[in-house]
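The values are calculated or read from the model by the stated rules, or taken from the named source; none is laboratory data. Only a predicted model underlies this, so the values are computations on that prediction, with no experimental measurement involved. Here the Cβ positions follow ideal geometry from the backbone for every residue, glycine too, while neighbour counts run over all protein chains shown.
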Amino acid sequence: MKKYDELTEFLLRMGDSALVQGQRLCEWCGRAPALEEEMALMNVGLDLVGQARNWLDYAAQRINDGRDADMLAFRRDERDYRNLLLVEQPNGDFAVTMSKQFLYDAWQFHLLEALTESADQQVAAIAAKSLKEVIYHLRRSSEWVERLGDGTEESHQRMAAAIDTLWRFTFEFQETDAVVDSLSESGIIPDAGALKQQWQQTVAKVFTDATLSVPEDARSFYLSGREGMHTEHLGILLAEMQFLQRAYPDASW
Amino acid sequence: MRAGDLISTDSTASLRLRGDDADLNFAWQVLADVPDPEVPAVSVVDLGIVRSVTWCDDRLYVQVTPTYSGCPATEFIEEMIREALQAAGFVNPQLTQKLDPAWTTDWITAEGREKLRAFGIAPPTGSASKRSLLGESGEVHCPHCDSSNTRQLSEFGSTACKALYRCDDCLEPFDYFKCI
Ligand SMILES: [Zn+2]
């Protein structure tokens with residue numbers, strides 16, 4: 001995996017996670033349980049793809065090797081993607097989709113809120129723009145977690161199973177590395193410890209209201225999204241997402 | 001009209017334009033006639049997405065801000081603005097996207113709100129404070145009968161900027177322009 005300076009690495013992490021989560025949501029197109037849900041899933045997906053473009057635009061500007069945001073999205077291989085492992089997981093049933101969305105939204109919400117104060121002006125601007133949208137996303141996904149968790153016996157069981165499937169990937173919300181440490185020291189991103197605590201509080205509150213139990217901290221394992229070490233699901237997602245640009249490079253219409 | 005006519009018309013117009021206040025006012029007037037492609041009842045000026053119009057080195061500079069990060073109409077709107085300005089005689093207008101400060105529905109003009117209502121879309125209520133973002137928005141009035149006896153059917157409507165509501169008095173469903 002090619003390495004860039006710390007800020008660029010961070011921008012790629014933000015952009016790739018939003019893009020992959022957005023792409024996953026768009027897989028629901030034509031398959032959602034109700035028309036209103038379909039519109040909501042697509043709209044949230046669209047917001048995230050737009051946010052990804054803002055992050056990747058800025059990354060491309062810094063990389064400055066002639067590639068733009070589209071090229072970064074469509075011509076990088078799996079090993080060069082730095083998204084969270086959580087967001088590349090398959091949609092599963094609606095319980096998996098909504099719990100994944102919720103865990104990600106809660107993390108985005110607290111991170112973006114802190115990033116609006118970033119020492120880097122462009123990071124602060126993208127964060128302020130994204131935050132307005134993510135507040136809506138979090139409100140919606142929290143409501144679904146509560147409704148399904150505190151719903152019927154079956155919906156409760158499905159939510160518990162979904163969280164059991166996804167929770168192991170949340171270790172990435174808590175881990176620091178050289179990029180995180182250096183950027184938080186220079187005031188560009190928030191302190192990882194404080195962020196972790198806020199995320200845990202939001203998750204614990206919603207899970208409790210949803211009558212779901214809060215698992216213990218997830219432990220890290222050998223994969224790492226930001227190091228380009230992904231689960232087997234990302235390659236398949238990218239194969240579909242990148243097909244047109246790979247088959248017909250520089251196609252225009 | 002032949003292509004040659006168009007070109008000569010454009011160059012005459014551009015000679016006339018010097019970037020003084022009258023020309024900038026003229027540019028604003030042109031922009032006030034550029035409709036939002038998804039809600040054609042309101043113009044890009046009504047929506048508050050044109051952030052500034054300035055003149056520099058014989059060129060018109062226009063700053064535009066997107067409504068939502070993923071709004072698919074963003075590029076299309078920029079193209080429409082460029083075409084309208086060129087047709088009005090502004091040669092090669094320069095458009096830039098401005099992210100900061102982020103667009104808020106507070107920037108929709110009073111006239112824009114009236115136009116939305118007349119078009120059947122309830123305009124955003126209250127100001128885009130954090131409270132309304134967190135769901136404690138004020139009463140949403142039905143754009144058809146003005147009743148406040150309305151409820152939300154879905155957080156999201158036909159586009160990212162709208163939510164779907166229903167009036168419990170006249171029973172009509174309607175779009176509500178979300179407050180952000
Ligand atoms: Zn009514």
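From the list B:Glu79, B:Glu139, which residue is farther than 23 Å from A:Val123 by Cα, away from chain A (no Cβ under 14 Å) and away from the ligand (no atom under 16 Å from the Cβ)?
Values: B:Glu139 fails: away from the ligand (no atom under 16 Å from the Cβ).
None of the others qualify; the one that does is B:Glu79.
Of everything in the stretch B:151-180 that is near the ligand (Cβ under 10 Å from one of its atoms), in contact (Cβ under 8 Å) with a residue 24 or more places away in the chain and not charged (D, E, K, R), the residue that is farthest from A:Ser142 (Cα to Cα) is B:Cys170.
One residue is enough: does the stretch A:164-171 have a residue meeting the conditions over 30 Å from A:Ala59 (Cβ atoms) and aliphatic (A, V, I, L, M)? Explain how you work it out, then say what you get.
At the first step, the residues of the stretch A:164-171 found to be over 30 Å from A:Ala59 (Cβ atoms) are A:164-165.
Those left that are additionally aliphatic (A, V, I, L, M): none.
No, because not a single residue in the stretch A:164-171 is over 30 Å from A:Ala59 (Cβ atoms) and aliphatic (A, V, I, L, M).
Can you list the helices (runs of 4 or more DSSP H) lying wholly within the stretch A:4-83 that have 2 or more residues being touching a His at 6+ places or on another chain (Cβ under 6 Å)?
Working: elements: A:6-26, A:35-63, A:69-74.
Fully inside the stretch A:4-83 and qualifying: nothing.
Do we have any residue at all in the stretch A:26-39 that's more than 24 Å from A:Asp177 (Cα to Cα) and touching a strand residue (DSSP E or B) at 6+ places or on another chain (Cβ under 6 Å)? Checked the stretch A:26-39: at least one residue is more than 24 Å from A:Asp177 (Cα to Cα) and touching a strand residue (DSSP E or B) at 6+ places or on another chain (Cβ under 6 Å). Just wondering, is there one or more residues in the stretch B:106-126 that are free of Cβ contacts under 8 Å to residues at least 12 places away in the same chain and either within 16 Å of the ligand (Cβ to nearest atom) or within 13 Å of chain A (Cβ to nearest Cβ) (or both)? No, every residue in the stretch B:106-126 fails to be free of Cβ contacts under 8 Å to residues at least 12 places away in the same chain and either within 16 Å of the ligand (Cβ to nearest atom) or within 13 Å of chain A (Cβ to nearest Cβ) (or both). Here A:Leu166, A:Leu138 are screened, and the one residue that is modelled with pLDDT of 95 or more, within 14 Å of another protein chain (Cβ to nearest Cβ) and either within 20 Å of the chain's Cα centre (by Cα) or not in a helix (DSSP H, G or I) (or both) is A:Leu138. The lone criterion from (1) of a type outside the set (Phe, Trp, Tyr); (2) within 13 Å of chain B (Cβ to nearest Cβ); (3) surrounded by fewer than 23 Cβ atoms within 10 Å (Cβ to Cβ) left unmet by A:Gly92 is number (2). For the stretch B:89-98, the criterion of being buried (at least 21 other Cβ atoms within 10 Å of the Cβ), away from every other protein chain (no Cβ under 14 Å) and not polar (S, T, N, Q) is met by at least one residue. Within the stretch B:53-67, no residue satisfies the criterion of being assigned to a strand (DSSP E or B) and within 9 Å of chain A (Cβ to nearest Cβ). A single member of A:Leu72, A:Leu103, A:Leu86 is touching a residue at least 60 places away in the same chain (Cβ under 8 Å), more than 14 Å from chain B (Cβ to nearest Cβ) and over 14 Å from the mean Cα position of the chain (by Cα), and it is A:Leu72.
The strands (runs of 3 or more DSSP E) found entirely in the stretch B:68-180 that carry 1 or more residues being β-branched (Val, Ile, Thr) are B:94-97, B:150-154.
Within the stretch A:4-25, can one find any residue that is surrounded by fewer than 16 Cβ atoms within 10 Å (Cβ to Cβ), within 13 Å of chain B (Cβ to nearest Cβ), more than 30 Å from B:Leu153 (Cα to Cα) and not aliphatic (A, V, I, L, M)? No; the residues of the stretch A:4-25 include none that is surrounded by fewer than 16 Cβ atoms within 10 Å (Cβ to Cβ), within 13 Å of chain B (Cβ to nearest Cβ), more than 30 Å from B:Leu153 (Cα to Cα) and not aliphatic (A, V, I, L, M).
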